[in-house]
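Q: Take this structure first; my questions come after.
The values are calculated or read from the model by the stated rules, or taken from the named source; none is laboratory data. Every value quoted in this text rests on a predicted model; they were computed, and no experiment measured them. Virtual Cβ from ideal backbone geometry, glycine too; neighbours counted across all protein chains shown.
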Amino acid sequence: MYKSTPKQRQELGFIRKLAGIDEDTYREILSSYGVESSKELTKSEIEMLINSLRDKAKEMGTFKPKKSFIHCKYNNLAGREKMASPAQLRKIEAMWFRISRQKTDSERAKALKVMIKKITGKDGITFLTAVDVRKIIKAFSNM
């Protein structure tokens, strides 16, 4: 059981401010983990807390991922013959973000996986071919 790192605690403080969590609420959250300080959280506990506060900040519109990260997503999948390009995969995610009703990124990802399976029969976004992309874009456009 490894304790949280200073970098994780710094990120927690930053995300906490973006999520608008006051000191009393923050202390209540920590007590729900059975600790009084973020230094006492394990690495996995602090990651869970950071992710939940990040989702809250995204919903509030105060947290936006860096564009460089968004632009690089799926770039490791470039150059696959007859498969969807990284730009096409990012477009599918962007369309899904606009039309889906889920509140968190993890719920949205699960729902997207289900939709991809229904439309194409493929198990996930990374398995899509260029033909599958057209089917999905057409389906999402009609939603």
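Q: Yes or no: Q88 outside any helix (DSSP H, G or I) and either in the same structural domain as G20 (by TED's automatic domain parsing) or surrounded by 11 or more Cβ atoms within 10 Å (Cβ to Cβ) (or both)?
A: It is false that Q88 is outside any helix (DSSP H, G or I) and either in the same structural domain as G20 (by TED's automatic domain parsing) or surrounded by 11 or more Cβ atoms within 10 Å (Cβ to Cβ) (or both).
Q: List every residue pair whose Cβ atoms lie under 7 Å apart, where the two residues are 6 or more positions apart in sequence or sit on different chains, the first residue falls within the range 112-124 and is charged (D, E, K, R), and the second residue, located anywhere, is outside any loop (DSSP other than H, G, I, E, B).
A: Note: pairs meeting the criteria are K122/I116; K122/D132; D123/K117.
Q: Still on this model: Looking at Q8, Q88, which one is free of Cβ contacts under 8 Å to residues at least 60 places away in the same chain and farther than 30 Å from V133 by Cα?
A: Of the residues listed, the single one that is free of Cβ contacts under 8 Å to residues at least 60 places away in the same chain and farther than 30 Å from V133 by Cα is Q8.
Q: Please determine whether any residue of the range 18-28 is in contact with a Ser or Thr (Cβ under 6 Å, 6 or more places away or on another chain), of a type outside the set (A, V, I, L, M) and farther than 26 Å from I137 by Cβ.
A: No: zero hits.
Q: Same structure, new question: Taking the condition assigned to a helix (DSSP H, G or I), without any contact (Cβ under 8 Å) to a residue 24 or more places away in the chain and touching a Ser or Thr at 6+ places or on another chain (Cβ under 9 Å), does E45 pass?
A: no
Yes/no per residue for (1) touching a Phe, Trp or Tyr at 6+ places or on another chain (Cβ under 9 Å); (2) over 24 Å from L12 (Cα atoms); (3) at pLDDT 90 or above; (4) in a loop (DSSP other than H, G, I, E, B):
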| residue | (1), (2), (3), (4) |
| --- | --- |
| K64 | no, no, no, yes |
| S68 | no, no, no, no |
| K103 | no, no, no, yes |
| K113 | no, yes, yes, no |
| I116 | yes, yes, yes, no |
| V133 | no, yes, yes, no |
| I137 | no, yes, yes, no |
| M143 | no, yes, no, yes |
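Q: Here is a list of conditions, (1) in a helix (DSSP H, G or I); (2) modelled with pLDDT of 90 or more, and R98 meets all of them except one; can you say which number that is?
A: Against the list (1) in a helix (DSSP H, G or I); (2) modelled with pLDDT of 90 or more, R98 comes up short only on (2).
Q: Every residue in the range 4-25 that is within 22 Å of K64 (Cβ to Cβ) and either in a strand (DSSP E or B) or not small (G, A, S) (or both), please.
A: Scanning the range 4-25 gives K7, Q8, Q10, E11, L12, F14, I15, R16, K17, L18, I21.
Q: Does at least one position in the range 36-58 carry a residue that is within 26 Å of D132 (Cβ to Cβ) and surrounded by 16 or more Cβ atoms within 10 Å (Cβ to Cβ)?
A: no
Q: Look through the range 96-132, keep the residues that are within 23 Å of G79 (Cα to Cα) and acidic (D, E), and return whichever of them is nearest to the chain's Cα centre (by Cα).
A: D123
Q: Can I ask one more? Collect the residues in the range 26-40 that are under 23 Å from T104 (Cα atoms) and outside any helix (DSSP H, G or I), keeping them in residue-number order.
A: Y33
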